[in-house]
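Asks: I'd like to ask you about the structure that follows.
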Amino acid sequence: MTSQPKKWSAAAMFAVAALATKTACAQTGGDTDYRWLTFTVFAVIIVITMVVTYLAAKRVRSASDFYTAGGGVSGFQNGWAIAGDYLSAASFLGIAGLIALYGYDGFMYSVGFLVAYITVLLLIAEPCRNIGKYTLADILAYRNDPKKTRVVGALSVIAVSTFYLTAQMVGGGVLVKTLIGINYETSVACVGVLMLSYVLFGGMVATTWVQIIKAVLLVCASLLIVALVWAPYGFSLPAFLQDIVLDPRVQSRVASLLGDPAKNMTALELGQRFLEPGLYFKAPIDQISLGLALIFGTAGLPHILMRFFTVRTALQARRSVVWAMAIIGGFYLLTLFLGFGAAHDVGPANIAAVDAGGNMAAPLLAQFIGGGANSLFGNFMLAFVSAVAFATIVAVVAGLVLASASAIAHDLYVGVVRAGKPVTSQGQVRAARIATLIVGALSIAIGIGAKGQNVAVLVGLAFAVAASANFPCVLLTLYWKRCNTGGIVAGMLVGTVAAVGLTLVSPNLTYPKAVKAAAHKVLDAETTKRSAAAEALASADPGVVAKGKKDLAALDKAVAKAKADIDKWGDATTSFMGLEEPLIQMKNPGIFSIPLGFLAVLIGSLLFRDRRAEELWNEVYVRQNTGLLVSKSTAH
Amino acid sequence: MTIPVTVDWAAIIEDPRFKRLHSRKTRFLWGMMAVSVVYFLLLPIGAAYFQDVFKIKVWGVVNVGLLFALSEFVVTLGIAILYSRKASSDFDVVAAEICADFAKLVATPTGERRADRGVGV
């Protein structure tokens with residue numbers, strides 16, 4: 001049994017590496033001269049993680065090994081692993097990009113991701129360690145009807161993980177495609193197969209190490225870039241930011257974001273505006289709603305909760321969170337320099353030209369400070385940051401797949417389908433591996449199927465469901481005596497339906513009528529703009545001519561897009577939900593759906609009294625506070 | 001399968017040490033929670049409704065808004081360290097005392113039983 005997975009894992013991994021190298025070598029164009037460098041760096045990182053998985057596969061014997069690395073992870077290690085699990089490509093590349101394109105508001109975004117861990121630290125981590133075993137539903141099933149709560153708990157875990165996973169797979173596919181130039185489907189398949197081999201053969205042991213390696217690489221890469229960016233200013237914050245304010249490219253970016261109001265502003269005022277709020281976030285309530293989903297949703301993310309079962313005691317769980325907070329907080333501070341540094345060195349317009357969302361800000365900055373596109377070190381830095389981004393996606397996806405697989409195998413199969421018929425430890429591991437294979441294959445299929453879709457909304461949705469369904473249920477079963485099965489079932493259903501439902505009628509979806517109206521507006525203005533550009537081209541001033549050419553190119557692009565939009569939507573007038581326009585103007589449902597989730601748990605618990613749940617309260621409450629018996633229940 | 005042993009959970013709940021631990025912990029945790037949520041929300045509120053304050057330059061080009069955002073990191077990590085110290089020097093000690101007293105009464109580990117019950121008995 002043990003030798004077979006080993007052989008498979010080795011074979012599968014080499015196949016992935018070979019596939020990645022072969023497809024990529026077949027590509028030409030671009031900086032082909034340095035392509036070998038990119039592959040060397042990717043190969044080195046992949047080989048390191050393979051070796052770790054190979055070693056880990058030997059240690060995975062029981063269900064506890066597979067789901068929780070046998071509980072043998074230290075608080076310090078787990079802190080790094082949590083950071084590795086949490087710092088997704090969206091936060092690494094996305095936030096650096098937002099800061100590079102929108103300045104202050106991008107940085108504000110990152111604060112919520114750190115504050116979220118206060119909720120985890122104070123209310124969730126230690127009780128979960130003391131009460132749970134492998135999954136989120138273990139906590140719910142402790143004093144409630146095990147079958148019912150496992151079913152709703154597992155479904156919610158699968159929903160949250162699927163939303164998050166789809167966003168990661170699509171984002172990962174696009175990223176790998178942009179970074180190393182292989183096609184989208186191959187990129188998704190590479191991410192999927194690599195992740196699958198870690199989880200399938202190495203379970204939580206390999207996943208933990210892959211996450212630790214990725215977090216260390218990410219922090220090292222960021223520190224190196226920030227040191228190089230900041231050193232010329234003698235590590236002075238005002239001096240560094242002064243240079244951002246004085247940068248003409250930053251100033252023109254602000255002018256284009258502000259539009260008409262910018263006309264009366266001096267260059268200096270425009271630059272300073274980059275350090276002030278309001279360039280990205282326009283609706284304060286929506287932003288608060290997003291903030292609430294972040295700070296309560298993190299505590300309900302199943303792949304993060306699962307990490308607390310890998311340590312032995314509440315003390316270690318607490319240490320994990322404090323370490324994770326130090327690493328995550330430190331990293332987000334670095335994004336300030338990554339983002340502003342990219343705005344200054346690469347220029348917002350150049351970043352947006354490669355990727356409108358700004359995702360390439362950090363890699364491009366790395367290339368620039370290494371010496372630029374034609375230097376060996378510049379390309380090494382680009383390759384290194386790209387490989388780190390790739391490792392980031394694979395590590396996050398591995399954590400998500402493990403969380404969904406445990407919900408299917410441990411909660412649904414062992415806990416519900418085989419309820420009352422004990423499954424052997426080997427049988428449990430087999431079930432976990434089969435579930436992993438299914439989830440992994442599905443995630444690749446979904447990733448390829450969702451090609452070209454706007455999946456940014458899905459990350460927000462994952463946090464919203466976690467905050468509105470998982471968080472109220474976990475919190476109240478731990479802290480409220482009267483909480484019971486009725487409350488958990490109601491809370492999970494209402495929280496999930498509210499978050500998903502509100503998102504479906506929000507402006508996040510595409511409304512063909514509005515898209516077509518905007519497209520027609522572009523086409524209507526085409527003639528006027530074209531004649532203005534023609535006038536500019538005829539000018540004697542080379543500056544005006546250059547601007548005219550640029551305007552003309554932009555106009556051509558906009559017109560082509562408008563025509564494509566009109567063709568694409570044809571006669572359609574309503575969104576996917578059959579609405580002509582959004583029912584609510586909020587993009588983030590949290591501010592409504594979180595209270596609704598809590599209310600549902602309260603009402604559900606009061607409507608359906610459950611004596612057993614209340615009788616077990618003493619036990620739950622003592623155990624979550626003291627950790628009594630915990631070391632015995634995890635030692636197998 | 002190990003022989004189930006009952007722990008008198010109600011007795012622990014009634015133990016004055018546990019009661020004191022519970023009330024101090026509750027006050028501390030929820031108090032800190034409230035402080036951090038309120039402090040966190042001040043950032044978007046300030047950025048939206050008090051832009052004039054956020055724009056005031058205090059350290060070269062560095063304005064109040066930037067310093068406030070940076071202070072979120074300090075406050076958040078500060079609360080984490082404060083809690084961590086309080087927990088290991090205080091809460092953990094009391095919990096360990098209670099555990100030691102009651103663990104004497106527990107002859108056989110009930111962990112396996114506990115693990116099985118979740119799987120439906």
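Asks: So A:VAL115 passes all but one of these: (1) of a type in the set (Val, Ile, Thr); (2) away from chain B (no Cβ under 14 Å); (3) over 17 Å from A:GLY399 (Cα atoms). Which condition number does it fail?
Replies: Only one criterion in (1) of a type in the set (Val, Ile, Thr); (2) away from chain B (no Cβ under 14 Å); (3) over 17 Å from A:GLY399 (Cα atoms) is unmet by A:VAL115, namely (2).
Asks: Among (1) within 26 Å of A:LEU290 (Cα to Cα); (2) at the interface with chain A (Cβ under 8 Å from one of its Cβ atoms); (3) of a type in the set (Phe, Trp, Tyr), which single condition is B:PHE68 missing?
Replies: Failing condition for B:PHE68: (2).
Asks: Among the residues in the range A:388-396, are any within 30 Å of A:VAL439 (Cβ to Cβ), touching a Cys at 6+ places or on another chain (Cβ under 6 Å) and surrounded by 24 or more Cβ atoms within 10 Å (Cβ to Cβ)? So that I can check it myself, show each step before the final result.
Replies: Within the range A:388-396, the subset within 30 Å of A:VAL439 (Cβ to Cβ) is A:388-396.
Narrowing the set further to residues that are touching a Cys at 6+ places or on another chain (Cβ under 6 Å) leaves none.
No, there is no match, as no residue in the range A:388-396 is within 30 Å of A:VAL439 (Cβ to Cβ), touching a Cys at 6+ places or on another chain (Cβ under 6 Å) and surrounded by 24 or more Cβ atoms within 10 Å (Cβ to Cβ).
Asks: With respect to A:GLY171, is the statement that it is away from chain B (no Cβ under 14 Å) and either assigned to a helix (DSSP H, G or I) or under 21 Å from A:VAL385 (Cβ atoms) (or both) true?
Replies: Numbers: away from chain B (no Cβ under 14 Å): yes; either assigned to a helix (DSSP H, G or I) or under 21 Å from A:VAL385 (Cβ atoms) (or both): yes.
Spelling it out, A:GLY171 is indeed away from chain B (no Cβ under 14 Å) and either assigned to a helix (DSSP H, G or I) or under 21 Å from A:VAL385 (Cβ atoms) (or both).
Asks: So for the range A:226-236 (the condition being surrounded by fewer than 19 Cβ atoms within 10 Å (Cβ to Cβ), of a type in the set (Val, Ile, Thr) and away from chain B (no Cβ under 14 Å)), does at least one residue qualify?
Replies: No: zero hits.
Asks: While we're looking at this one, here's another question. Taking the condition within 22 Å of A:SER156 (Cα to Cα), among the polar types (S, T, N, Q) and part of a helix (DSSP H, G or I), does A:THR496 pass?
Replies: Yes: the conditions hold for A:THR496.
Asks: Between residues in the range A:424-448 that are part of a helix (DSSP H, G or I) and residues that are surrounded by fewer than 19 Cβ atoms within 10 Å (Cβ to Cβ), which pairs lie under 6 Å by C-beta distance while being six or more apart or on different chains?
Replies: A:SER425/A:SER62; A:ILE448/A:GLU185
Asks: Turning to a different aspect of this structure: Looking at A:THR53, A:THR49, can you tell me which residue is within 30 Å of A:ASN379 (Cα to Cα), in contact with a Gly (Cβ under 7 Å, 6 or more places away or on another chain) and assigned to a helix (DSSP H, G or I)?
Replies: A:THR53
Asks: Here's another thing I want to ask about it. Quick one: A:LEU364 ticks every box in (1) surrounded by fewer than 19 Cβ atoms within 10 Å (Cβ to Cβ); (2) at pLDDT 90 or above; (3) more than 30 Å from A:THR135 (Cα to Cα) except a single one, so which number is it?
Replies: The single condition A:LEU364 does not satisfy is (1).
Asks: Looking at A:ILE95, A:ILE180, A:ILE99, can you tell me which residue is farther than 28 Å from A:TYR479 by Cβ and either under 13 Å from the mean Cα position of the chain (by Cα) or among the aromatic types (Phe, Trp, Tyr) (or both)? Before you say what the answer is, go through the steps one by one.
Replies: Working: A:ILE180 fails: either under 13 Å from the mean Cα position of the chain (by Cα) or among the aromatic types (Phe, Trp, Tyr) (or both); A:ILE99 fails: either under 13 Å from the mean Cα position of the chain (by Cα) or among the aromatic types (Phe, Trp, Tyr) (or both).
Result of the check over A:ILE95, A:ILE180, A:ILE99: A:ILE95.
Asks: Does A:SER222 count as over 17 Å from the mean Cα position of the chain (by Cα), closer than 23 Å to A:VAL429 by Cα and among the hydroxyl-bearing types (Ser, Thr, Tyr)? Before the answer, list the steps.
Replies: On the way: over 17 Å from the mean Cα position of the chain (by Cα): yes; closer than 23 Å to A:VAL429 by Cα: no; among the hydroxyl-bearing types (Ser, Thr, Tyr): yes.
When the stated conditions are applied, A:SER222 does not pass them.
Asks: Can you find a residue in the range B:50-63 that is surrounded by 17 or more Cβ atoms within 10 Å (Cβ to Cβ), assigned to a helix (DSSP H, G or I), within 9 Å of another protein chain (Cβ to nearest Cβ) and out of contact with any strand residue (DSSP E or B) (no Cβ under 8 Å at 6 or more places or on another chain)?
Replies: no
Asks: Could you tell me which residue of the range A:448-476 is nearest to A:ASN144 (Cα to Cα), considering only residues that are modelled with pLDDT under 90 and of a type outside the set (A, V, I, L, M, F, W, C)?
Replies: Among them, the one singled out is A:GLY460.
Asks: Considering the range A:580-604 alone, what residues qualify as being out of contact with any Lys or Arg (no Cβ under 9 Å at 6 or more places or on another chain) and either among the polar types (S, T, N, Q) or in a loop (DSSP other than H, G, I, E, B) (or both)? Let's see the steps before the verdict.
Replies: Looking only at the range A:580-604, we keep the residues that are out of contact with any Lys or Arg (no Cβ under 9 Å at 6 or more places or on another chain), and these are A:582-601, A:603-604.
A:PRO582, A:LEU583, A:ILE584, A:GLN585, A:MET586, A:LYS587, A:ASN588, A:PRO589, A:SER593, listed by residue number.
Asks: Kindly check whether there is at least one residue in the range A:406-423 that is within 16 Å of A:GLN168 (Cα to Cα), touching a helix residue (DSSP H, G or I) at 6+ places or on another chain (Cβ under 8 Å) and in the same structural domain as A:ALA81 (by TED's automatic domain parsing).
Replies: At the first step, the residues of the range A:406-423 found to be within 16 Å of A:GLN168 (Cα to Cα) are none.
No: zero hits.
Asks: Sort out which residues of the range A:56-74 are under 23 Å from the mean Cα position of the chain (by Cα) and either not in a helix (DSSP H, G or I) or not polar (S, T, N, Q) (or both), and write them in order of number.
Replies: Here is the first cut: in the range A:56-74, the ones under 23 Å from the mean Cα position of the chain (by Cα) are A:67-68.
Listed by number, the list holds a single entry, A:TYR67.
Asks: While we're looking at this one, here's another question. Answer yes or no as to whether A:SER468 is touching a Ser or Thr at 6+ places or on another chain (Cβ under 8 Å), touching a residue at least 40 places away in the same chain (Cβ under 8 Å) and surrounded by fewer than 16 Cβ atoms within 10 Å (Cβ to Cβ). Break it down stepwise before answering.
Replies: Working: touching a Ser or Thr at 6+ places or on another chain (Cβ under 8 Å): yes; touching a residue at least 40 places away in the same chain (Cβ under 8 Å): yes; surrounded by fewer than 16 Cβ atoms within 10 Å (Cβ to Cβ): no.
When the stated conditions are applied, A:SER468 does not pass them.
Asks: Taking the residues in the range B:48-99 that are of a type in the set (Ser, Thr, Tyr) and in contact with a Lys or Arg (Cβ under 9 Å, 6 or more places away or on another chain) as candidates, determine which candidate is nearest to B:ILE13 (Cα to Cα).
Replies: Of the residues in the range B:48-99, the ones of a type in the set (Ser, Thr, Tyr) are B:49, B:71, B:76, B:83-84, B:88-89.
When the remaining residues are screened for being in contact with a Lys or Arg (Cβ under 9 Å, 6 or more places away or on another chain), the result is B:83-84, B:88.
Values: B:TYR83: 23, B:SER84: 24, B:SER88: 21 Å.
Across the range B:48-99, the extreme among qualifying residues is B:SER88.
Asks: Now, a different point. Please find, among A:GLY358, A:GLY399, A:GLY371, the residue that is crowded, with 24+ Cβ neighbours inside 10 Å, outside any helix (DSSP H, G or I) and assigned by TED's automatic domain parsing to the domain that holds A:GLY171. Walk me through how you get there before you give the answer.
Replies: On the way: A:GLY399 fails: outside any helix (DSSP H, G or I); A:GLY371 fails: crowded, with 24+ Cβ neighbours inside 10 Å.
Going through A:GLY358, A:GLY399, A:GLY371 in turn, the sole match is A:GLY358.
Asks: Which condition does B:VAL93 not pass, out of (1) modelled with pLDDT under 90; (2) at the interface with chain A (Cβ under 9 Å from one of its Cβ atoms); (3) in a helix (DSSP H, G or I), if it passes all the others?
Replies: (2)
Asks: Of all residues in the range A:315-353, which are surrounded by fewer than 24 Cβ atoms within 10 Å (Cβ to Cβ) and of a type in the set (S, T, N, Q)?
Replies: A:GLN316, A:ASN350
Asks: Sort out for me the helices (runs of 4 or more DSSP H) sitting completely within the range A:240-320 that have 2 or more residues that are under 30 Å from A:VAL397 (Cβ atoms) and at the interface with another protein chain (Cβ under 9 Å from one of its Cβ atoms).
Replies: A:284-297
Yes/no per residue for (1) modelled with pLDDT under 85; (2) in contact with a Lys or Arg (Cβ under 8 Å, 6 or more places away or on another chain); (3) within 14 Å of chain B (Cβ to nearest Cβ); (4) part of a helix (DSSP H, G or I):
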{"position": "A:LYS521", "(1), (2), (3), (4)": "no, no, no, yes"}
{"position": "A:THR528", "(1), (2), (3), (4)": "no, no, no, yes"}
{"position": "A:SER531", "(1), (2), (3), (4)": "no, no, no, yes"}
{"position": "A:VAL544", "(1), (2), (3), (4)": "yes, no, no, yes"}
{"position": "A:ASP556", "(1), (2), (3), (4)": "no, no, no, yes"}
{"position": "A:SER575", "(1), (2), (3), (4)": "yes, no, no, no"}
{"position": "A:LEU606", "(1), (2), (3), (4)": "no, yes, no, yes"}
{"position": "A:GLU614", "(1), (2), (3), (4)": "yes, yes, yes, yes"}
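Asks: Only one residue in A:ALA159, A:ALA141, A:ALA137, A:ALA90 is more than 28 Å from B:THR76 (Cα to Cα) and surrounded by fewer than 24 Cβ atoms within 10 Å (Cβ to Cβ), so which one is that? Don't jump to the end; show me each part of the working.
Replies: Working: A:ALA141 fails: surrounded by fewer than 24 Cβ atoms within 10 Å (Cβ to Cβ); A:ALA137 fails: surrounded by fewer than 24 Cβ atoms within 10 Å (Cβ to Cβ); A:ALA90 fails: more than 28 Å from B:THR76 (Cα to Cα).
Unique residue meeting the criteria: A:ALA159.
Here's the yes/no breakdown for (1) crowded, with 20+ Cβ neighbours inside 10 Å; (2) at pLDDT 50 or above; (3) under 30 Å from A:ILE408 (Cβ atoms):
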| residue | (1), (2), (3) |
| --- | --- |
| A:ALA26 | no, no, no |
| A:GLY29 | no, no, no |
| A:LEU37 | no, yes, no |
| A:THR53 | yes, yes, yes |
| A:ALA56 | yes, yes, yes |
| A:THR68 | yes, yes, yes |
| A:GLY71 | yes, yes, yes |
| A:GLN77 | yes, yes, yes |
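Asks: Here is a follow-up. Looking for something in contact with a helix residue (DSSP H, G or I) (Cβ under 6 Å, 6 or more places away or on another chain) and within 19 Å of A:ASN359 (Cα to Cα) - is there at least one such residue anywhere in the range A:151-165?
Replies: yes
Asks: Sticking with this structure for a sec: Tell me, please, whether a residue that is more than 30 Å from A:PHE240 (Cα to Cα) and outside any helix (DSSP H, G or I) can be found in the range B:12-28.
Replies: We begin by selecting, within the range B:12-28, every residue more than 30 Å from A:PHE240 (Cα to Cα); these are B:12-28.
From the residues that got through so far, the ones that are outside any helix (DSSP H, G or I) too are B:15.
Within the range B:12-28, one or more residues are more than 30 Å from A:PHE240 (Cα to Cα) and outside any helix (DSSP H, G or I).
The values are calculated or read from the model by the stated rules, or taken from the named source; none is laboratory data. Not measured: the values here are computed from a predicted model. Here the Cβ is made from the backbone with ideal geometry for all residues, glycine too, and neighbour counts use every protein chain on show.
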